[in-house]
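Computed from the coordinates by the stated procedures, all read-outs in this text should not be read as laboratory data. Owing to the predicted nature of the structure, the values given are computational and were not obtained by experimental measurement. Neighbour counts run over all protein chains shown; Cβ positions are idealised from the backbone, glycine included.
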Amino acid sequence: MNALIRGLTWPIISLLLVGGSHFAAEAIRPELATAFTPPALMPIYLIAGLWSGSRTLAAGGSFIHGILAGVVLGLLPVALQVVGFGLILGRPADAASLAAAFGFLGIVWGAVLGAGYAQASRP
């Protein structure tokens with residue numbers, strides 16, 4: 001459990017800042033929704049997942065812990081999409097749930113890649 005906490009601390013803080021600024025930007029300028037497309041967001045999701053998976057292994061976790069870190073971190077875009085954009089900003093439920101699934105999967109895939117790379121790189 002300690003490896004998860006150490007591996008997730010900074011990815012969570014970073015995603016809260018990124019997600020918060022994304023939410024604020026679209027709340028102020030709703031037209032920005034057309035700029036935040038899947039090709040623009042997927043690199044962020046993959047990097048955040050990769051970071052959480054690899055750092056969890058570096059903190060002493062296992063490959064499974066690295067994937068679990070991605071699952072935990074992947075809940076952040078789900079909450080942002082469903083609560084922030086869906087309930088607060090009024091985005092249609094089908095669009096919010098699709099974006100939530102996209103964000104969750106992107107982070108989990110990144111964590112699998114990061115954990116796999118970290119595992120393969122261990123001496």
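For this structure, a couple of remarks:
- Once mean projected area of the Cα convex hull in nm² is calculated for the structure shown, the corresponding label among (1) 8.1; (2) 7.0; (3) 14.0 turns out to be (2).
- With respect to the chain, whose longest principal axis is taken over its alpha-carbon atoms, helix 93-121 is tilted by about 20°.
- Sorted by Cβ density within 10 Å, fewest first, the residues I88, I44: I88, I44
- Volume in Å³ per residue [convex hull over Cα atoms, computed for the range 18-72]: 76
- Dipole-positive endmost among W51, V108, A93 within the chain (Cβ charges, Cα centre): W51
- Nearest-ten-degree value, helix 38-58 long axis tilted from longest Cα axis of the chain: 30
- Taking the longest Cα principal axis of the chain as reference, the axis of helix 63-79 is set at about 10 degrees.
- Distance between the C-alpha centres of the range 16-35 and the range 47-123: 19 Å, rounded to the whole angstrom.
- Annotation for Q119 and V71: the two label points, set 7 Å from Cα along the Cα-Cβ direction, are 1.4 nm apart.
- For F36, F23, F85, order by how many other beta-carbon atoms lie within 10 Å, fewest first: F36, F23, F85
- Relative contact order of the chain, pairs being alpha-carbon contacts under 8 Å that are 6 or more residues apart, as %: 35
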